[in-house]
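Structure record follows, encoded as structure tokens.
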Amino acid sequence: MSEEKQKYSASSDKALIDSVEDYKFEPIKGYPMLNWRGKRPFTSTHYYPAQLKEVYGPEVDGWRNKIYWGDNLQVMSHLLKSYRGKIDLIYIDPPFDSKADYKQKISLRGMEINNDHTSFEEKQYTDIWSNDEYLQFMYERLVLLKELLSDTGSIYIHLDYRMDSYIRLIMDEVFGNNNFLNEIIWSYATGGASKEFFARKHDTLLFYIKSARYKFFPERVKEQRTEKSLERARNPKGARISVDNDKKLPTDVWDIPALNPMAVERLDYPTQKPIELLQKIILASSNPGDIVLDCFMGSGTTQSAAIGLGRRFIGADINIGSIQVTTKRLIEQSKNQINNGNQGGLFEEESTPEIMFPGLEVYNVNNYDLFRNPVEAREILLKAMEINPLPQGSLFDGEKDARMVKIMPVNRIATRAELSELIAGLDYKGFEKRHSSHPAEPVEKITLVCMGHEPDLKASLEKEVEPYKLDIEVVDILRDHQELQFKRDSEARIVIENGQLIIERFYPMNLLGKLSLQKEKVKDWEELVVSVMIDWNYDGAVLQPAMVDIPEKGELVKGSYPVIEGAGTIRVKITDLLSESFEVEVSNA
């Protein structure tokens, strides 16, 4: 590949993925390839800007750990500019296409509010896909992950029986089947029984590398021998010959308990994995100081394991609940480990009390702030715009006034590249029949709903379906429907009296709506809040909280805080049970 093709091209505002030739879909003798309807090459991506929103803690050796809120395709496109070939270890736990909606139980923190709805389940993300859509989704992200991975790096992909065979074929195509090392079986005792098939008691981890120079340290994660195998290592009098024989090098079957409902580390976040699983991966495939990436972050288990083992990390998730849960988790963990030292852990090499814990930076990619939860965006838009919905998985999202409606990905500019799925799925046989019967009429009326778009979006779609004629309407929410109410703003009363910043009232309106609770009934607003953070000298752009109030389970935020000497512009951030945040500046005059 030429040097020019490897470079980031600022002039075209694109990050080249690789040479086009490397991603043609011509079959090669001896190398099976997975195909699906609408499979298309992924050879370049736009550079997406990121906005630094929050900073916690200091830099250590010029580094803070990083969390990004946004579509991980855009996040990785952003990272290419600075981190191409620099990520030492990647772990991802992507959607499994489980045909389920994953929900988190939201409960009041206390018992003072008298209401029939003291808890409810909040949808975090939907894991329902068409097979072709899922495979293209994963293919594009795996291509980017390869570009980010260093030549000495490894990637672990966590799957179950639904998609592991498909993803393995895609990984063979992207990484090369010669770079496949293991299919690891994570075995656990929990899970339901079945009389229709053998009970499913394991997940799969696909372990790939980028080159023969990869790092691997199995001696760090030796496994305890069984008593039966230990018998073979004893002399006739029963004494063990060597202490080293107590443990053995690991196999590709890992017996690690899944999280139970009473586990101390449990955060009640759907799909949370045990930290022991991530510790084993990180210890075996990285060194202290290496960069670990997880772009399907969830509850932040990868990040928690990484920081505890002295690794740097980058995390990303499209769900704001993930960002809030992970940020809270890491702030608490760093505080505990700095105050108490590393407590030691599950493996021999884990205790590293000399580690300095770097701070944390939180970024947005493309200003994800209109919809708190993108899972709800489609439903909210359909309802707000009075569109008749079509079943989940349909090519179009709804129908209105004889027009087929397609809702483009929310909270980012719609680009020509994002039309590919729509173009591939159009009914061209039907178009041909309509065109033959009425050649002067459009074969379909389509409305594209987006939040900002490239100016040639409509023209690009028209050109792609020539010679058929389409009647295309682009509805830009930011331009055409500014009056639509997508979410209700929170309200608060915060005052400074006698040197104390006091939160007198706080009304998170969306949360109150889900609880069927009127704000006039709220007396103990602290029950609705998970954290309060205060920046005593806000610079107008980035929140850098010096006061962080994150109560333990069963406790409430204080609500009153001493104002520091020399405080300037004060900004307060209150995060409620829905992970929605309310920020406001408070006068210190």
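Read-outs: derived from the displayed coordinates by stated rules, not from any lab. For clarity, every value in this text was computed on a predicted model and none was experimentally measured. Ideal geometry is used to build each Cβ from the backbone, glycine not excepted, and the neighbour counts take in all protein chains shown.
Cβ-to-Cβ counts within 10 Å put ASP397, ASP164 in ascending order as ASP164, ASP397, the fewest first.
Were the residues from ASN498 through SER44 laid out at 0.36 nm apart, the gain over their Cα-Cα distance would be 157.6 nm.
Among the listed pairs LYS201/LYS248; LYS248/LYS328; LYS86/LYS222; LYS247/LYS553; LYS406/LYS433, which have their C-alpha atoms separated by more than 30 angstrom in this model? Table pairs above 30 Å Cα-Cα are LYS248/LYS328; LYS247/LYS553. Per-residue extension of 0.36 nm, minus the Cα-Cα distance of LYS433 and PHE217, leaves a gain of 71.5 nm for this segment. Extending 7 Å from Cα along the Cβ direction at GLU386 and again at THR251 yields two label points whose distance is 6.5 nm.
With neighbours defined as other Cβ atoms within 10 Å of a residue's Cβ, the residues MET163, MET297, MET547 order from fewest to most as MET547, MET163, MET297.
Between ASN510 and LYS29, what is the FRET efficiency for a Förster distance of 56 Å, r being their Cβ-Cβ separation, to the nearest 0.05? E(calc), rounded to 0.05, equals 0.45. At q = 0.10 Å⁻¹ the log10 of I(q)/I(0) for the stretch 374-480 amounts to -0.28, computed by Debye summation with a single uniform scatterer per C-alpha, solvent ignored. Computed on the Cα trace of the stretch 491-586, the radius of gyration divided by the Kirkwood hydrodynamic radius gives Rg/Rh = 0.96. Between ARG200 and LYS81, the contour length at 0.36 nm per residue exceeds the Cα-Cα span by 38.7 nm. The stretch 144-193 and the stretch 540-580 have their alpha-carbon centroids 41 Å apart.
Its Cα gyration tensor gives the stretch 131-207 an equivalent ellipsoid; the semi-axes, largest first and in whole Å, are 27, 15, 10.
Put in line by how crowded their Cβ is, counting other Cβ atoms within 10 Å and starting with the fewest, LEU395, LEU578 read LEU395, LEU578.
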